[in-house]
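Here the structure is laid out as structure tokens; the discussion comes afterwards.
The values are calculated or read from the model by the stated rules, or taken from the named source; none is laboratory data. Here the structure is a predicted model, which means the values were calculated and not measured. Note that each Cβ is placed from the backbone with ideal geometry, even for glycine, and that neighbours are counted across all protein chains shown.
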Amino acid sequence: MELNQYINVISLILIGTNGVWSISVEPEFTKFKYEEQLLEKMIRLEIYVGNMENTIQKFINDYSIIVNETKKAMEKEISIGNNNMELMKSEMKEFYKNVTSTMAQEQTSLRRQPVTPLIAFNACGKTDGTYASGTPVVFQEVLLNEGKCYSNDTGYFTASVDGIYQFNAQICVLKGDEIDYTINVESVSVLRGETRMATDSSDEKCASFSVTTLVRKAQKVYVTAYGMKLDPNADDWNSFSGTIIRQL
């Protein structure tokens, strides 16, 4: 008899309770049953490990995709940044080129513009007497004559260059007298006026006037005063002055 069979036989225990007998039998654990359970556990473990490997691989794949997408996005941003930088460099070069060209043109334009010469005069004196219409008044005392354009022999200012000029004059008259005055460029009046002095005035009267005008080279500018006599008083000067504002 095998040992297991023997154990099964002697394990029958008779228990008497109120004339009822009970028999308890030990469960049978065979080698096949153990191997079957072990195999089942190994299969479950293998499935679990396989699932874990799949999960890990999926994580690796997803992580690789994220890394690659991030890398592509960063490379794209870097490329865009580089393109923008190149565009800015190109725009800065173009701006510098335009500024340089504009400055060169301005410098060339400034070089071409004539430098306005120093032309200015101021003449006065005890100019008296009666002058006919259109006759220049001669201011004999020259206080300033830069450019040597005024003649105290003729009373003419002769322009040495084309330009815009400013001229000023003052005419003083005797009591009871009246004077019509002009500033002329050649035979054309560029300013006209008159001044009169009442007979009962307590003092002589002077009229000051000025004009800005275009004068061409070699044209003559002069003052006329006709009517009664000019006042020869040394305290009230008859005068004629002018200067160039800009050469053309």
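Please find, among Gly147, Gly134, the residue that is more than 30 Å from Gly227 (Cβ to Cβ) and in the same structural domain as Ala218 (by TED's automatic domain parsing).
Gly147
Looking at Glu75, Glu141, which is the one that is charged (D, E, K, R) and in the same structural domain as Lys220 (by TED's automatic domain parsing)?
Glu141
Being crowded, with 17+ Cβ neighbours inside 10 Å and either closer than 17 Å to Lys217 by Cα or among the acidic types (Asp, Glu) (or both) is the filter here, so list the residues in the range 163-174 that pass it.
Across the range 163-174, the qualifying residues are Gly163, Tyr165, Phe167.
Scanning for something at pLDDT below 95, among the acidic types (Asp, Glu) and surrounded by fewer than 19 Cβ atoms within 10 Å (Cβ to Cβ), does the range 210-232 turn up at least one residue?
no
Is there a residue being over 31 Å from the mean Cα position of the chain (by Cα), surrounded by 10 or more Cβ atoms within 10 Å (Cβ to Cβ) and assigned to a strand (DSSP E or B) anywhere in the range 76-97?
Scanning the range 76-97, I find no residue that is over 31 Å from the mean Cα position of the chain (by Cα), surrounded by 10 or more Cβ atoms within 10 Å (Cβ to Cβ) and assigned to a strand (DSSP E or B), so the answer is no.
Determine the pairs where a residue that is surrounded by 10 or more Cβ atoms within 10 Å (Cβ to Cβ) and assigned to a helix (DSSP H, G or I), located within the range 26-41, has a partner that is of a type in the set (A, V, I, L, M, F, W, C) and at pLDDT below 75 with Cβ atoms under 8 Å apart, the partner being 6 or more residues away or on another chain.
none
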